[in-house]
There are 2 protein chains.
Amino acid sequence: MKKIIAIAVSLLVVATAVAAPKNTKMKYVDASTLTIINKVHNAGKPLARLDVERYKLTKSAINAFSQSTGLAVVFRTNSKNISAHWVTDARYMGTNSSATFQRGLDIFIRHNGEWVFAGVGRPKSNPRVGEHEFTLVRRMDEGEKECMVYLPMFSRVESLSIGVDKDATIEALPSPFKHKIVFVGSSITHGASAGRPGASYVAALGRALNAETPNLGHSGQCKLQQHFVDIVCDTEADAFVFDTFSNSTDKIIDARLYDFVKDIRAKHKDTPLIFLQTIKRDIGFFDLGARKRNDDQRAAAERGMAKVMADFKGVYFLNPGLILGDDHAGTIDGTHLNDLGVYRTVQYLTPKIKKILKKHGIK
Amino acid sequence: MKKIIAIAVSLLVVATAVAAPKNTKMKYVDASTLTIINKVHNAGKPLARLDVERYKLTKSAINAFSQSTGLAVVFRTNSKNISAHWVTDARYMGTNSSATFQRGLDIFIRHNGEWVFAGVGRPKSNPRVGEHEFTLVRRMDEGEKECMVYLPMFSRVESLSIGVDKDATIEALPSPFKHKIVFVGSSITHGASAGRPGASYVAALGRALNAETPNLGHSGQCKLQQHFVDIVCDTEADAFVFDTFSNSTDKIIDARLYDFVKDIRAKHKDTPLIFLQTIKRDIGFFDLGARKRNDDQRAAAERGMAKVMADFKGVYFLNPGLILGDDHAGTIDGTHLNDLGVYRTVQYLTPKIKKILKKHGIK
């Protein structure tokens, strides 16, 4: 028994020793004592996008929504250098995006009112190692700065600490964003495949629309299932954006879309519900099977949305919605937006969504 | 002795068994019996971009130039499905690009005269596994197609086989490109960080300029060293493009640029030598140390190129050269072009390089 305790204690010591910043020139602050934005609710684990225990979810949904996807920590500091120490789950990564996107960080700093990309937090390249430490930005000029660090898009984050110079101050910043727009969707909304977390289309739209943008993208999912209805009905927001046609077959859309909207509208009487037509997949240019599936889902979305919009007010269908461009250069794999596809999508959606918000008196 | 031979034989059997396609519905053809384009010379290992044994190189350069960076295999087939089986070295990957880019493939198919992206070959997600197999595109219509499969950007490729339907034909296609433009440079030229091999700026320029574009980008390198001079002098091309200022300090540029050009011009009397100004790094917007280094190297490039162009004909300095854009959205990490940065660079460089080629009678 003593031996077991001794082993347990030694394991604990090792675990603690492993999960501490090695850079002793900086002082570290637990991110959960700063401000975490883009959470669906202010509940659950601080670095998980959703309080998954609140809902009846599949194991896959629990795993996905326990990730830090879309979250950012905001703070004010006068440090010239900013680093981070973070611990993610350790597992093999997807092949269609960078490790920095899946398990790394990026930092934006406010400059003349705009959020400007300032650096990345590169994770370890060994996928079996979950402890990471990196200097996000260094050698900056003097003065206070407002900072926003985006968290990994495809990882659970066990802990995150922000490091600043030992003589610097760091304090929580209130959320810099005025609105709250919740995004529900597929792997594309989950962020695949931007180069880094803050470059995802949902994060970029958040900065462009002055909105917190909680991200409920679930890779391979959003087939209009009940748990998405449950979460949306349980969530207050200025608007909801739905990428619900990317993984739904035509049959699923025919069967589920009307009730999906009806049930959400029953709870949220006036909130704008904005549906995005899915992409016209590059992969379908040569693959006739993929083309047919894609054409069918797009057609089902069109007829389904026509019916929905005839019966419910404040429901919008942006068609096109997610944009690749016509040059076959907008995806990483024929399906998932790369940074060019994200750029085109954000350029297109920003004024469209602004106009809808304005119509609803959300300025 | 017998035992040793037995072990050696059994290892060989294992190795052979491991490195064979598992998809028995397709027939496989060794890519080296088809046409490999974008090699610096028709020499050396078939799937290495350079015959490294020809030069005095550092270990790092041998490793880098033994990779398949920039290579593509071209063929004609009437198969409705195309797959690939390939074996790369097995090691941890870089964190600022996708596995598909580093060790995967992508395929383009000619459509109305244009090369159109058709699909990817996803590698294994376990970085310790080097054997990969994937269906690049499937369920296509009937008829003959001209195909181009780009090889991994940051891997040695031991073997590559192209799979087609058992009843289909497949044959080598002559190089579809008229010109040969050799690119020498840094990690940016090495491809970091496009989403997949055929999306790199060098590959995209090849398609846009109707040119084979051998890629001599070396991550962290091209500091105007002698071995780049040796390789360029030993290589025939319609033009050379140099990304030589991305990793060179101002001091290196001051010390080496003039002789670099002089030595190349002594061998290639009239060949256009096109130098690209390096990017204005996003990382330098807040990092004053990075900004100074970047400003200094850019200034040294400007003064060095002015001197060079005064003394040598047919030497060009494109300034700007590599393009990020002004919105801080063109890189994956503040330095390396993402797919948006690649797009901007290719849109900008294509007419500039065309104009230079035309001036030299290369049409």
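What follows is calculated from the coordinates using simple rules that are stated; it is not laboratory data. Just so it is clear, the structure is predicted and the values come from calculations on it, not from any experiment. FYI the Cβ positions are ideal-geometry reconstructions off the backbone, even for glycines, and counts take in every protein chain you see.
Quick check on packing: order B:218-226, B:144-152 by the mean number of other C-beta atoms within 10 Å, highest mean leading. Provide the component values of the computation, followed by the final result.
Working: B:218-226: 20.1, B:144-152: 24.1.
Going from most to least packed, we get B:144-152, B:218-226.
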## Note on the structure
Going residue by residue through region B:303-317, the Karplus relation 6.51 cos²θ - 1.76 cosθ + 1.60 with θ = phi - 60° gives ³J(HN,Hα) values, rounded to whole Hz and with x marking Gly or Pro, of 6, x, 5, 4, 5, 4, 6, 5, 9, 10, 8, x, 10, 10, 10
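When a/c reaches 1.5 or more, the comparison of a/b and b/c decides; with that in mind, is region B:29-168 rounded, prolate or oblate per its Cα gyration tensor? Could you put the intermediate results ahead of the total?
Details: a/c = 2.09, a/b = 1.51, b/c = 1.39.
It is prolate, given that a/c is not under 1.5 and a/b is the larger ratio.
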## Note on the structure
Scoring region B:23-172 by relative contact order with C-alpha pairs under 8 Å, at least six apart, yields a percentage of 37 percent
### Query
Distances from B:ALA306 to the same residue in each other copy, label points 7 Å out along Cα→Cβ, in nm, shortest first?
6.6
## Note on the structure
Sorted by chain and number, the residues with a modelled amide H under 5 Å from that of A:GLN221, at a separation of 5 or more or across chains, are A:SER187
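Which percentage, to the nearest 5, of the DSSP beta bridges contained in chain B is antiparallel?
Approximately 70 percent, going by the DSSP bridge assignments.
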### Task
With only alpha-carbon atoms counted, please give the Rg and Dmax of the protein assembly as shown, in Å.
26.5, 86
### Task
Can you tell me the relative contact order of region B:179-359? Whole percent, Cα pairs under 8 Å, sequence separation 6 or more.
24 percent
### Query
Can you tell which of B:ILE181, B:ILE62, B:ILE36 shows the greatest fluctuation in a Gaussian network model of chain B with Cα springs below 10 Å?
B:ILE62
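Evaluate peptide B:122-132: per residue, the Cβ atoms of other protein chains within 10 Å of its Cβ; return the mean as an integer.
On the way: counts 4, 1, 2, 7, 4, 6, 4, 1, 0, 0, 1.
Across the residues of B:122-132, the mean count of other-chain Cβ atoms within 10 Å is 3.
Given +1 on the Cβ of Lys and Arg, -1 on the Cβ of Asp and Glu, and no further charges, what dipole in debye does region B:95-197 carry about its Cα centre, rounded to the nearest 20? The partial results should precede the final answer.
On the way: 13 positive and 12 negative charges, 103 e Å.
That gives region B:95-197 a dipole magnitude of about 500 debye.
Can you compute the charge dipole magnitude of the protein assembly as shown about its Cα centre, using +1 on each Lys and Arg Cβ and -1 on each Asp and Glu Cβ, nothing else charged? Give it in debye, rounded to the nearest 20.
Details: 102 positive and 74 negative charges, 88 e Å.
Using Cβ point charges on Lys, Arg, Asp and Glu, the protein assembly as shown gives about 420 debye.
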#### Entry: Placed amide H near B:SER159: partners under 5 Å, 5+ positions off or other chain
B:VAL87
### Query
What angle do you read, to the nearest 10 degrees and between 0 and 90, between the alpha-carbon axis of helix B:2-18 and the longest principal axis of chain B?
80 degrees
### Query
How would you classify region B:54-121 from its alpha-carbon gyration tensor, with a ≥ b ≥ c the square roots of the eigenvalues: rounded for a/c under 1.5, else prolate if a/b is greater than b/c, otherwise oblate?
prolate
### Query
Could you give, in nm with one decimal, how far B:ASP167 is from each other copy of that position, shortest first, with labels 7 Å out from Cα toward Cβ?
8.0
### Message
Could you derive backbone 3J(HN,Hα) for region A:339-355 from the dihedral phi with the Karplus parameters 6.51, -1.76 and 1.60 (θ = phi - 60°), listing whole Hz in sequence and x where the residue is Gly or Pro?
### Response
5, 6, x, 4, 4, 4, 5, 5, 4, 6, 6, 3, x, 4, 6, 4, 4
### Query
So what are the ³J(HN,Hα) numbers for region B:132-148, from phi and the Karplus equation (6.51, -1.76, 1.60; θ = phi - 60°), rounded to whole Hz, Gly and Pro as x?
10, 8, 7, 7, 6, 7, 9, 6, 7, 6, 6, x, 6, 9, 9, 10, 9
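Using only atoms on other chains, find how many Cβ atoms lie within 10 Å of each Cβ of peptide A:277-290 and report the average. Present the calculation step by step, with values, prior to reporting the outcome.
Values: counts 0, 0, 0, 0, 0, 4, 6, 1, 8, 16, 10, 5, 3, 4.
Rounded to a whole number, the mean comes out at 4.
For Cα pairs less than 8 Å apart in space and 6+ apart in sequence, what is the mean separation divided by the residue count of chain B, i.e. the relative contact order in percent? Don't skip to the answer; put the middle values down first.
Details: 808 pairs, mean separation 57.9, N = 363.
Once normalised by length, the contact order is 16 percent.
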### Query
When the helix-only estimate is applied to chain A (DSSP H runs of n ≥ 4, each -39,500 (n - 2.57), divided by the residue count), what is the mean residue ellipticity at 222 nm, nearest 500 deg cm²/dmol?
-10000 deg cm²/dmol
### Antiparallel %, DSSP beta bridges [both residues in the protein assembly as shown], to 5
75 percent
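Find the Cα radius of gyration of chain A, compare it with 2.2 N^0.38 Å by division, and give the number to two decimals. Write down the numbers at each step before the final one.
Details: Rg = 21.1 Å, N = 363, 2.2 N^0.38 = 20.7 Å.
Relative to the 2.2 N^0.38 Å estimate, chain A comes out at 1.02.
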### Query
Once amide H atoms are built 1.01 Å from N in the peptide plane, which residues 5 or more positions from A:HIS179, or in another chain, come under 5 Å H to H?
A:ALA211, A:GLU212
### Query
Where the label is 7 Å out from Cα toward Cβ, how close does B:ARG110 come to the same position in every other copy, in nm, shortest first?
5.6
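Taking each residue of B:325-335 in turn, how many C-beta atoms of other protein chains fall within 10 Å of its C-beta, and what is the average? Provide the component values of the computation, followed by the final result.
Working: counts 1, 0, 4, 8, 10, 5, 6, 10, 11, 7, 1.
Other-chain Cβ atoms within 10 Å of each residue's Cβ, averaged: 6.
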